[in-house]
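Participant: Before we start, here is the structure in question, set down as structure tokens.
The values are calculated or read from the model by the stated rules, or taken from the named source; none is laboratory data. The model shown is predicted, which means the values in this text are computed figures rather than measured ones. Glycine also receives a Cβ, built like all others from the backbone with ideal geometry; neighbour counts cover every protein chain displayed.
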């Protein structure tokens, strides 16, 4: 690692920031989280309205989400490596600016093509912010407050995930879907004032590996495209997946002997991190499969209004927000595998309960099923993220944060693709199949934690 650090206000220390700078930096980070969560959650709710307004099939409109997630997932690792070289605050400023400009372009879109292009630009801006979140929280808080910091992040995500679908649904009730993309603009403007409080993270003066950067694009991008094409074009899907596997093999071989590679093979050799990455990918796949499929399920199968859909999706996020601080407290006292296994099981149980409920069931039962799934997700998220970030060396916190974000977004992209695949398999039953895919992903995450619990080294005190 290079020795030079970003210039900025005094107050940084070897183990987190001193107060009051820590508080302002944390607020800035939470505001950036708010922006990214509001955008994603409101866009999901708007998919049925966009499909109707643009007269397109749901399977096509799902690509509004896939295009956004695709550009995020292919760029997170290269951007996290670049942020270590140009500085976290500079990357934060660039990401915030691009995100705001692309939000305006999304709101001005009149066709599916222009909307997808704007979402691609918005995804790149979002990736510039997301690649920093893990490294920032690791350097803002001292290690003994890391659980608290992660809990605050998870609680913010939960609260904003409640507000996002609900706000989005009520906007759709009274206005067109274009207004969905304008809500975050004032928040972006406010976030500029907090950039100077972000931590002084030493820069990496090493050469940027452009070859590894190029290889990461087909690895993640072709994986998602190949999965989406499985039903419509199996030959194309097989070719994409084969090329993705080849790119991944070359990238791993190139990265395994490097000191600080773009593909963080060095971190994946750490057992707690490897388990955390696997479990995280499938838990976020379960979450996103549910959140993309359920608006269609609630609207088309159950016949609920957009306001009802917002309340139902909000129930999940209430569960996350309520459970996050509890999980943060327990993560310092109990095995991560046990907490995460219970959480993943709660997601699966909540989704199974929801899909088995008769259509004529009272609205409250669907709310309770969504609440249970959200409690499970909140119970999983904080302990697993703590294992991933605390298990990495501080000088690799940028890479650990990038890997955390890549795992999350790849899991979400995979979950979204599963829903697109479900609609391609059956237009009439696609929403139900998408929820079933969420259940399967949650069960896989639970199984990974069963294996993790049987590995003594996986739950060593961090």
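Participant: Here are some conditions: (1) over 24 Å from the mean Cα position of the chain (by Cα); (2) surrounded by fewer than 18 Cβ atoms within 10 Å (Cβ to Cβ). Residue 255 meets all but one. Which one does it not meet?
Facilitator: Failed condition: (2).
Participant: Please indicate, with yes or no, whether at least one residue in region 203-214 is within 30 Å of residue 90 (Cα to Cα), part of a helix (DSSP H, G or I), touching a residue at least 12 places away in the same chain (Cβ under 8 Å) and under 21 Å from the mean Cα position of the chain (by Cα).
Facilitator: yes
Participant: Which condition number does residue 370 fail, the rest of (1) at pLDDT 85 or above; (2) not in a helix (DSSP H, G or I) being met?
Facilitator: (2)
Participant: Go through region 340-354 and give me each residue that's surrounded by fewer than 21 Cβ atoms within 10 Å (Cβ to Cβ) and within 20 Å of the chain's Cα centre (by Cα).
Facilitator: Hit for region 340-354 is 345, nothing else.
Participant: All but one of (1) crowded, with 23+ Cβ neighbours inside 10 Å; (2) out of contact with any helix residue (DSSP H, G or I) (no Cβ under 8 Å at 6 or more places or on another chain) hold for residue 270; which doesn't?
Facilitator: Every condition holds for residue 270 apart from (1).
Participant: Turning to a different aspect of this structure: Got a sec? Which of 217, 252 is in contact (Cβ under 8 Å) with a residue 24 or more places away in the chain, more than 28 Å from residue 110 (Cα to Cα) and part of a helix (DSSP H, G or I)?
Facilitator: Only one candidate passes the filter, namely 217.
Participant: Within region 284-309, track down each residue that is over 19 Å from residue 58 (Cα atoms) and more than 16 Å from the chain's Cα centre (by Cα).
Facilitator: Answer for region 284-309, where residues must be over 19 Å from residue 58 (Cα atoms) and more than 16 Å from the chain's Cα centre (by Cα): 307, 308.
Participant: What are the residue pairs meeting all of these: first residue in region 78-98, first residue at positive phi, second residue surrounded by 23 or more Cβ atoms within 10 Å (Cβ to Cβ) and not in a helix (DSSP H, G or I), Cβ atoms under 9 Å, and 6 or more apart or on different chains?
Facilitator: 87/201
Participant: I'd like to know if region 355-371 contains one or more residues that are touching a residue at least 60 places away in the same chain (Cβ under 8 Å), crowded, with 21+ Cβ neighbours inside 10 Å and more than 30 Å from residue 171 (Cα to Cα).
Facilitator: No, there is no match, as no residue in region 355-371 is touching a residue at least 60 places away in the same chain (Cβ under 8 Å), crowded, with 21+ Cβ neighbours inside 10 Å and more than 30 Å from residue 171 (Cα to Cα).
Participant: Could you tell me which residue of region 91-113 is nearest to residue 54 (Cα to Cα), considering only residues that are surrounded by fewer than 19 Cβ atoms within 10 Å (Cβ to Cβ) and modelled with pLDDT of 90 or more?
Facilitator: Per the stated criteria, the residue is 105.
Participant: To continue, here is another question. Does residue 281 qualify as being under 25 Å from residue 451 (Cα atoms) and over 21 Å from the mean Cα position of the chain (by Cα)?
Facilitator: Taking the combined requirement at face value, the residue does not satisfy it.
Participant: Moving to a separate point now. Quick one: count up the residues across region 37-76 that are assigned to a helix (DSSP H, G or I) and free of Cβ contacts under 8 Å to residues at least 24 places away in the same chain.
Facilitator: Looking only at that region, the number is 2.
Participant: Is it true that residue 416 is surrounded by 24 or more Cβ atoms within 10 Å (Cβ to Cβ), touching a residue at least 40 places away in the same chain (Cβ under 8 Å) and over 30 Å from residue 85 (Cα atoms)?
Facilitator: For residue 416, the condition - surrounded by 24 or more Cβ atoms within 10 Å (Cβ to Cβ), touching a residue at least 40 places away in the same chain (Cβ under 8 Å) and over 30 Å from residue 85 (Cα atoms) - is met.
Participant: A follow-up question, please. Of these, 326, 309, which one is modelled with pLDDT of 80 or more and either out of contact with any helix residue (DSSP H, G or I) (no Cβ under 7 Å at 6 or more places or on another chain) or part of a loop (DSSP other than H, G, I, E, B) (or both)?
Facilitator: It is 326.
Participant: (1) crowded, with 21+ Cβ neighbours inside 10 Å; (2) more than 29 Å from residue 200 (Cβ to Cβ); (3) at pLDDT 85 or above: which one isn't true of residue 61, the others all being true?
Facilitator: Among (1) crowded, with 21+ Cβ neighbours inside 10 Å; (2) more than 29 Å from residue 200 (Cβ to Cβ); (3) at pLDDT 85 or above, residue 61 violates only (3).
Participant: Looking at 427, 431, 458, can you tell me which residue is at pLDDT below 80 and within 14 Å of residue 296 (Cα to Cα)?
Facilitator: That would be 427, the only listed residue that is at pLDDT below 80 and within 14 Å of residue 296 (Cα to Cα).
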